[in-house]
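Notes follow the structure.
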Amino acid sequence: MLTMKHLLATLSLVAATATPALAESSTANIQDHFKTVLEQKPYKVEVCRDVKVPYGSKKEFDKDSAIIGGIIGGVIGNQFGKGSGKEAATGVGALAGAIIGGNKDKGPEGYTTQRQCEIQTRYEETKREVYSHSTVTFYSDGVKRSLKFYK
């Protein structure tokens with residue numbers, strides 16, 4: 001099997017001997033050019049790490065927020081019912097507003113450590129040189145000429 005370089009050399013020699021002008025200066029330079037190709041091959045890997053996860057919640061009673069919540073709850077409750085039912089609705093609204101407004105969440109009780117894993121795709125990279133093209137440089141009638149040949 002002939003390589004590209006041998007084929008080009010043969011073509012150059014034939015051209016040089018067939019043309020008298022080329023025969024005078026039959027020096028032909030053949031150069032092969034290569035390029036780097038990066039190949040990526042995917043593979044899977046399990047990655048695990050320890051993570052702090054909150055649990056529970058600390059509650060704190062805030063008097064100022066309870067008063068404001070009671071007032072708002074009472075105003076809303078007053079919109080319902082008639083007569084003594086209106087008074088009861090106002091009282092229930094004020095009580096519910098005070099409880100809801102007064103309970104403040106102060107964050108988690110604490111943290112526990114959990115192991116969490118996930119599958120990730122990574123790539124193995126391989127570099128290799130592959131043939132790109134060849135260049136033939138020669139002189140014709142005293143003028144330097146170049147030809148590119150691709151596979």
Counting sequence-distant residues (5 or more places) and residues on other chains, those with an amide H built under 5 Å from that of TYR139 are THR27, ARG145
Output wanted: per-residue J couplings in Hz (rounded whole) for segment 126-140, from phi through Karplus 6.51 cos²θ - 1.76 cosθ + 1.60, θ = phi - 60°, x for Gly and Pro.
10, 9, 8, 8, 10, 5, 10, 6, 10, 10, 10, 10, 8, 10, 9
Applying a 10 Å radius around every beta-carbon, put 34-46, 131-143 in order of their mean neighbour count, most first.
131-143, 34-46
Once amide H atoms are placed 1.01 Å from N in the peptide plane, what residues at a sequence separation of 5 or more from ASP62, or on another chain, have their amide H within under 5 Å of its amide H?
ASN103, LYS104
Starting at the first residue of segment 28-38, write each ³J(HN,Hα) from the Karplus equation 6.51 cos²θ - 1.76 cosθ + 1.60 with θ = phi - 60°, in whole Hz, x for Gly and Pro.
10, 10, 10, 10, 8, 10, 10, 10, 8, 10, 9
Magnitude of the Cβ-charge dipole (Lys and Arg +1, Asp and Glu -1) of segment 59-103 about the Cα centre, nearest 20 debye, reported as 200 debye
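No lab work stands behind these numbers, since they all come straight from the coordinates. These numbers were taken from a predicted model, which means no experiment stands behind them. We place every Cβ from the backbone using ideal geometry, glycine too, and count neighbours over all the protein chains shown.
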